[in-house]
């Protein structure tokens, strides 16, 4: 047979749903030494939780500062290297400039979003700015003769100028 607790001793604690477990332990085990140990343990756990939370906040702030620490020119160079590695048919520096498809920005951004995590592409690329500099260069403007082919991101002809 199970022994039921004495209702008179525990009744105020059983009736209240907001009573914490440690309060119930204080009533059940009134030993002052154990009570002090329990309170010290709870204080330490609370302090460690705040420290862990603080470290997470500091870490996220450091990541933001690192991302902001890259200058725009460095970000342009990083994006240009990514374009050359990802689309060598279009942006190979050893080959002459090619006229790009009218929707090339949309296609490159869609490719980036689709394969960003899988291929571990760098974050915060400035694709549009790099392409703008590319299409404003004299070499690119020279390749835009009437009837010249336009190329998609796959390196295939997608139309004419």
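Only the coordinates and a few stated rules stand behind these numbers; no lab work does. Everything numeric in this text was worked out from a predicted model, so none of it was measured. FYI the Cβ positions are ideal-geometry reconstructions off the backbone, even for glycines, and counts take in every protein chain you see.
Our Cα-only numbers for region 71-160 put the radius of gyration and Dmax at 13.0, 39 Å.
Determine, for each peptide in 43-49, 149-155, the mean count of other beta carbons within 10 angstrom over its residues, then list the peptides with the highest first.
149-155, 43-49
The slack in the chain from residue 113 to residue 42, taken as 0.36 nm per residue of separation less the alpha-carbon distance, amounts to 21.0 nm.
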